Amino acid sequence: MLNKSSQILDREAIRSKIKRIAFQVLENNYKQEKLYIVGIKGGGAIFGQEIIKELHQISDLKPVFIELSIDKSTPETSEIILSSQIEDSENAVIIIVDDVLNSGKTIFYALRPFISIKVKKIETAFLVNRAHRSFPISANYTGIELATTIQERINFTRSDEGFGVYLE
């Protein structure tokens, strides 16, 4: 019987990707006073919190975490809920984080709360970039780029043993 799920990244590989992304974020934002990591609820929130933990270990940056809730199945009509608001937005750098970048649809609509405020810059970070874009979204920080078919799914999981990325 064939295994329908193949592990792409194990705990150590994910840790390595998070560390590398944290160093890239630091390199590009070391002078920023207001840095917000906005994690899409679910895998994006977990990934974002792990980036913040790593930033605390390697720098004096004090990023603020905000969880963004959006219905990924219907993001165009979904209510967007932020766990807290952006303060002093004019000087803020916002990094929107999700586990997998596929079509770009979720991130495209997740930008709505930030379109009406003045910010210094908005960046994106993804653990996995699948490059099946239908929307004008690009990744500033990427853990891994995968060439997959549209039918295949990528799942980021967290358990007591750690993290895993699986191709199904």
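The table below lists the values:
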{"quantity": "Top-ranked residue in the range 48-95 [being small (Gly, Ala, Ser) and farther than 15 Å from Ala125 by Cβ; ranked as surrounded by the fewest Cβ atoms within 10 Å (Cβ to Cβ)]", "calculated": "Ser73"}
{"quantity": "In the range 55-90, the residues that are part of a helix (DSSP H, G or I) and in contact with a Leu (Cβ under 9 Å, 6 or more places away or on another chain)", "calculated": "Leu55, Ile58"}
{"quantity": "Every residue from the range 31-54 that is out of contact with any helix residue (DSSP H, G or I) (no Cβ under 9 Å at 6 or more places or on another chain), among the charged types (D, E, K, R) and part of a helix (DSSP H, G or I)", "calculated": "none"}
{"quantity": "Scan of the range 79-106 for residues that are of a type outside the set (Lys, Arg), out of contact with any strand residue (DSSP E or B) (no Cβ under 6 Å at 6 or more places or on another chain) and under 17 Å from Ser134 (Cβ atoms), ordered by number", "calculated": "Asn102, Ser103, Gly104, Thr106"}
{"quantity": "Scope the range 96-120; condition within 12 Å of the chain's Cα centre (by Cα), aliphatic (A, V, I, L, M) and part of a helix (DSSP H, G or I); matching residues", "calculated": "Ile107, Ala110"}
{"quantity": "Number of the condition not met by Asp88 [criteria: (1) on the phi > 0 side of the Ramachandran plot; (2) within 12 Å of the chain's Cα centre (by Cα)]", "calculated": "(2)"}
{"quantity": "Whichever residue in the range 114-137 is surrounded by 13 or more Cβ atoms within 10 Å (Cβ to Cβ) and among the polar types (S, T, N, Q) and, among such residues, is modelled with the highest pLDDT", "calculated": "Thr124"}
{"quantity": "Residue within the range 96-109 that is surrounded by fewer than 15 Cβ atoms within 10 Å (Cβ to Cβ), closer than 27 Å to Ile8 by Cβ and among the hydrophobic types (A, V, I, L, M, F, W, C) present", "calculated": "no"}
{"quantity": "Residue match in the range 20-30 (condition: part of a strand (DSSP E or B), free of Cβ contacts under 8 Å to residues at least 60 places away in the same chain and more than 18 Å from Ile137 (Cα to Cα))", "calculated": "no"}
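The values are calculated or read from the model by the stated rules, or taken from the named source; none is laboratory data. Since the model is a prediction, treat every value here as computed from it, not as a measurement. As a convention, Cβ positions derive from the backbone with ideal geometry for all residues, glycine included, and neighbour counts pool all protein chains shown.
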